[in-house]
Ligand SMILES: Cc1cc2nc3c(=O)[nH]c(=O)nc-3n(C[C@H](O)[C@H](O)[C@H](O)COP(=O)(O)OP(=O)(O)OC[C@H]3O[C@@H](n4cnc5c(N)ncnc54)[C@H](O)[C@@H]3O)c2cc1C
């Protein structure tokens, strides 16, 4: 069967969820062959095998940590040449998109970024993307070379599908450009204990209606009851109520969770651009005319300070 390359996103051997979602999609197209790079690469094999990887190509060369992006492109290209895949799948993170674009250029292939679904068509892989602030869905396939496709987190379920997961060392020789940009220091982000915003299955966001940094714990409590990430509108972020890294929207992060809960957010087009592909959208807003209600699956017209704490209490009670 045709093989599909999947670039693994992992932290010291712990595979991140979006990679397991890629394996679900890869299995629709062919046999997934995972490429795991950096410290702990070998440790990824059992989880990858449980989710359908027939082979896991690994390299733990120090260059992956010491230099930005290009060593990974060199390695992915080495895997590409060794495997001759029918498609290459990469997670749609900033780094993933850069790696994918560089590989596509080197391979003379077309690239599709930010896909939200994939299927095996008769003439090649067909990718679905959301366009114009997600008011349109487009389906496309590359017309040249082997498709290189980046896929947004939360686009597919994680499905166990046991396969061999056989580990093979990937020989990589780094080109001159690989050492062009050295990492000079790393500072771990202060952990909130919550999932990463772009990967979270549930996102709870607050907007101007939250009315102050001191009120954001109301949003955080709901998020924590659901194991969700916390997002914010630009109005809330610009007011200094929540960190810029939590901004959802056109000039913030793009999220596509299973559930998005917007509290005190009006639903401006620039906010929608970052969350409209969420599977289920819930809004809490005291203004029944707020534009956010045009796109919700469930809407609550009410004061968020009355609604959100009750919701949190109810969820926590049901968990008990
Ligand atoms: C180039 C450009 C890029 C932009 N990029 C982004 C972006 O990335 N992300 C983004 O979010 N915005 C972005 N914006 C800004 C965007 O246009 C809006 O101004 C912003 O999204 C509004 O944020 P908001 O919904 O929180 O505030 P508002 O529009 O002021 O809405 C607040 C809402 O809260 C409701 N409310 C108030 N009090 C309560 C309460 N107690 N209970 C319930 N509801 C209440 C109100 O009814 C209102 O609907 C961008 C704008 C531009 C021009």
The Cα radius of gyration of the chain, divided by 2.2 N^0.38 Å with N its residue count, comes to 1.06
A student applying the Cα gyration tensor rule (rounded when a/c is under 1.5; otherwise prolate if a/b is larger than b/c, oblate if not) would label the stretch 51-171 prolate
Taking a crude spin-label model, label points 7 Å out from Cα along the C-beta direction, the residue 184 to residue 298 distance in nm is 5.0 nm
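By DSSP, what percent of the beta bridges with both residues in the chain are antiparallel, rounded to the nearest 5? Display every interim value, and only then the final one.
Details: 14 of 58 bridges.
Of all bridge pairs located within the chain, approximately 25 percent are antiparallel.
If you take every DSSP beta bridge whose two residues both sit in the stretch 76-198, what share of them, in percent to the nearest 5, is antiparallel?
Working: 11 of 18 bridges.
Bridges in the stretch 76-198 that DSSP calls antiparallel: roughly 60 percent.
Show me the ranking of peptides 3-15, 117-129, 195-207 by mean Cβ neighbours inside 10 Å, starting with the highest.
Details: 3-15: 21.1, 117-129: 16.8, 195-207: 24.4.
Top to bottom by mean Cβ count within 10 Å: 195-207, 3-15, 117-129.
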By the C-alpha gyration tensor axes a ≥ b ≥ c (rounded if a/c is under 1.5, else prolate when a/b exceeds b/c, else oblate), the shape of the stretch 149-225 is oblate
Sorted largest first, the C-alpha extents of the stretch 164-320 along its principal axes in whole angstrom are 60, 38, 29
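What is the Rg over Rh value, at two decimals, for the stretch 80-134, using alpha-carbon atoms and the Kirkwood definition of Rh? Write down the numbers at each step before the final one.
Working: Rg = 12.0 Å, Rh = 12.4 Å.
A ratio of 0.97.
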To the nearest 10 degrees, the tilt of helix 94-107 (Cα long axis) against the first principal axis of the alpha carbons of the chain is 30 degrees
Tilt, helix 17-29 to longest principal axis of the chain (alpha-carbon atoms), in degrees rounded to tens, equals 60 degrees
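Since every read-out is calculated from the coordinates, none of them should be taken as a lab result. Every value quoted in this text rests on a predicted model; they were computed, and no experiment measured them. Positions of Cβ are backbone-derived with ideal geometry, glycine not excepted, and every protein chain shown enters the neighbour counts.
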